[in-house]
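Structure first, then comments.
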Amino acid sequence: MKRIRTWWNQHKFMTILLGLSSILTFVGMLYSNWDFFSYQIPLWVSLFVGFLLAVALNVFSHSAASDDPVSAAEDTDETLKEALLLIEEQDGILKENTHTINQAMNAYKWVSWCFCHFEGFLEEPEGIYQTIMDCLISTIKHHRDLNPRMAIWVENEEEPGMLKCLAAYRHSPQVKQRRPRIHESSAGLAWLTKKEYYVPDTYDPQYVFERYEYREDPEFRSLLCVPILCEKGKETVRIGVLSITGIPKDAYNEANPESKAVRDRVTLWAGILFPLIYRHLEEIERRACKTTNIRG
């Protein structure tokens, strides 16, 4: 209604003159019995009135705007509010992106530290992995509502066809005892296909999810599994799977911009973790071979 009132105040003279011009043309045509040549004179008169109309529009529109300072001020206020909301939104996105970049840099720093002080890393690898995963959790909006838990799954050399938990964050201690089957688990499918596997509802039977293996944890309804891999020429080197849970159902829906951003960050962190996990698994294998040789 405010916009309509403002428009009327600015264009009421134009509307009135336009109506008078139309009436004059119509009367002229009636007067000449609808003869084309006879109503040329009233037609030219109406065109002249139209010219006056254009002049009046330019003059009176400014006059009307100045005569109604309240409406003009209200319009200006609404415009300013919309601009401020847009600025705040853009500022929020910028701050969020800046925070994500800072946390990614922190994660990279931890990985670099581990390579420079590898023996120190081997003393407590679980704590280092948890710190790096915590950097990711801190970038997630409303993470208290999502209550995410993360885990790193790698191939179990001792039990072929199964995975094992290399490190976990916020999970119950029993997670280290789990052995997801590659062909029968969410993490296993991400490992097998080398693509992320998303379970929007862990109670939905159409998705592969090893419910019995998570019975010790509080209920969660969403699970996202992202393969930890690296492209090496035409070959894809796969070394593990990074999983993240969510308490709400469909917490990481790709159609939601915030959820899509979380999925992208999990993929980013999988890439950050790749060199450290690769080096760690090499060391585990080297020590296992050394132990076997000593026993032999």
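Values quoted throughout were computed directly from the atomic coordinates according to the rules given, and no laboratory measurement underlies them. Treat the numbers as computed from the prediction; the structure is a model and nothing was measured. Cβ coordinates were reconstructed from backbone atoms using ideal geometry, including for glycine residues, and neighbour counts include every protein chain displayed.
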Item to check | Shape of segment 97-295, Cα gyration tensor, a/c cut at 1.5 | outcome: oblate
Item to check | Zone of N102's modelled label, taken as backbone nitrogen in segment 131-147 under 18 Å from a point 7 Å along Cα→Cβ | outcome: 132-143
Next on the checklist: So if I take the centroid of the Cα atoms in segment 107-134 and the same for segment 242-267, what is the distance between those two points in Å?
Outcome noted: 25 Å
Checklist entry - Would you list W110, W269, W153 from fewest to most Cβ contacts within 10 Å? => result W110, W269, W153
Checklist entry - Among I137, I101, L242, which residue has its Cα positioned farthest towards the positive end of the charge dipole of segment 97-295, with +1 placed on the Cβ of Lys and Arg, -1 on the Cβ of Asp and Glu, and the dipole taken about the Cα centre? => result I101
Next on the checklist: Loop only by DSSP, 15 or fewer other Cβ within 10 Å of the Cβ. Give me the GluC sites (Glu not before Pro) in segment 129-204 that pass, ordered by residue number.
Outcome noted: E157, E158, E184
Item to check | Simple spin-label estimate for E231 and H183 in nanometres, 7 Å along Cα-Cβ | outcome: 3.1 nm
Item to check | For peptides 124-135, 219-230, sequence by mean Cβ density within 10 Å, most packed first | outcome: 219-230, 124-135
Checklist outcome for this item: Toy charge model, Lys and Arg Cβ at +1, Asp and Glu Cβ at -1: segment 97-295 dipole around Cα centroid in debye, rounded to 20, equals 200 debye
